[in-house]
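The values are calculated or read from the model by the stated rules, or taken from the named source; none is laboratory data. The structure presented is a predicted model; accordingly, all values stated were derived computationally and were not measured. Note that we place each Cβ from the backbone using ideal geometry, even for glycine, and neighbour counts take in every protein chain shown. For the accessible areas, the whole protein counts, side chains as well, though only heavy atoms, and no ligand, DNA or RNA atoms are used. Shrake-Rupley method; radii C 1.70, N 1.55, O 1.52, S 1.80 Å.
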Amino acid sequence: MSPTLFTLYSTFSLSILGLILHRTHLLSALLCLEGMMLALFLAMSIWTKQLEIISYYPLPMFMLTFSACEASTGLSLMVATTRTHGTDHLKNLNLLQC
């Protein structure tokens, strides 16, 4: 296994591990999701460069665009929950309440 692939796999795995173990704050969960998306972006960028197919070159940019939209939506939800509940602890959020 090349060092680049090992770095990408370990980054993605550590992000998943962080998402599983450190779910007390919404911000930490969002940061772990962002780390996963950045690892996937780097992997897809390397993959398209190795294949050298012209039609695959826009794929990393689409993924980066979607991850930016995901990050902005997550941050806006965090601001909204912090304003309504006073904290971003995930234990205090109850999805069944209106």
Pair list, Cβ under 9 Å, 6 or more apart: the stretch 23-36 residue touching a residue at least 24 places away in the same chain (Cβ under 8 Å), other residue crowded, with 16+ Cβ neighbours inside 10 Å and not in a helix (DSSP H, G or I): 25/88; 26/88; 27/88
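Quick grid of which residues meet (1) open to solvent by 80 Å² or more (accessible area, probe 1.4 Å); (2) among the hydrophobic types (A, V, I, L, M, F, W, C); (3) more than 17 Å from the chain's Cα centre (by Cα):
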{"site": "8", "(1), (2), (3)": "no, yes, no"}
{"site": "13", "(1), (2), (3)": "no, no, no"}
{"site": "22", "(1), (2), (3)": "yes, no, no"}
{"site": "39", "(1), (2), (3)": "no, yes, no"}
{"site": "51", "(1), (2), (3)": "no, yes, yes"}
{"site": "60", "(1), (2), (3)": "no, no, no"}
{"site": "64", "(1), (2), (3)": "no, yes, no"}
- prompt: How many residues does the stretch 1-35 contain that are of a type in the set (S, T, N, Q), at pLDDT below 90 and not in a loop (DSSP other than H, G, I, E, B)?
  reply: 2
query: For the stretch 66-77, which residues satisfy the criterion of being within 9 Å of the chain's Cα centre (by Cα) and surrounded by fewer than 16 Cβ atoms within 10 Å (Cβ to Cβ)?
result: 70, 71
message: Which count do you get for residues in the stretch 78-98 that are open to solvent by 70 Å² or more (accessible area, probe 1.4 Å), in contact (Cβ under 8 Å) with a residue 24 or more places away in the chain and either hydrophobic (A, V, I, L, M, F, W, C) or closer than 23 Å to residue 37 by Cβ (or both)?
response: 0
- prompt: What about residue 1, is it open to solvent by less than 40 Å² (accessible area, probe 1.4 Å) and more than 20 Å from residue 88 (Cα to Cα)?
  reply: no
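Per-residue answers, yes or no, for (1) within 26 Å of residue 10 (Cβ to Cβ); (2) touching a helix residue (DSSP H, G or I) at 6+ places or on another chain (Cβ under 8 Å); (3) of a type in the set (Phe, Trp, Tyr); (4) modelled with pLDDT under 90:
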{"residue": "41", "(1), (2), (3), (4)": "yes, yes, yes, no"}
{"residue": "63", "(1), (2), (3), (4)": "yes, yes, no, no"}
{"residue": "67", "(1), (2), (3), (4)": "yes, yes, no, no"}
{"residue": "70", "(1), (2), (3), (4)": "yes, yes, no, no"}
{"residue": "81", "(1), (2), (3), (4)": "no, yes, no, yes"}
{"residue": "92", "(1), (2), (3), (4)": "no, yes, no, yes"}
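Working only within the stretch 60-74, note down all residues that are of a type outside the set (Val, Ile, Thr) and under 16 Å from residue 36 (Cβ atoms). Even if it seems obvious, please write down each step before you answer.
Initial filter on the stretch 60-74 (of a type outside the set (Val, Ile, Thr)): 60-64, 66-72, 74.
60, 63, 64, 66, 67, 68, 69, 70, 71, 74 - these are the residues of the stretch 60-74 that are of a type outside the set (Val, Ile, Thr) and under 16 Å from residue 36 (Cβ atoms).
Which count do you get for residues in the stretch 47-98 that are hydrophobic (A, V, I, L, M, F, W, C) and not in a helix (DSSP H, G or I)? Give the steps one after another, and end with the answer.
From the stretch 47-98, those hydrophobic (A, V, I, L, M, F, W, C) are 47, 51, 53-54, 59, 61-64, 66, 68-69, 71, 75, 77-80, 90, 93, 95-96, 98; that's our starting set.
Okay, now just the ones that are also not in a helix (DSSP H, G or I), so 53, 93, 95-96, 98.
Looking only at that region, the number is 5.
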message: Testing residue 43 on (1) over 27 Å from residue 79 (Cα atoms); (2) free of Cβ contacts under 8 Å to residues at least 24 places away in the same chain; (3) out of contact with any Phe, Trp or Tyr (no Cβ under 7 Å at 6 or more places or on another chain), one condition comes back false. Which one is that?
response: (2)
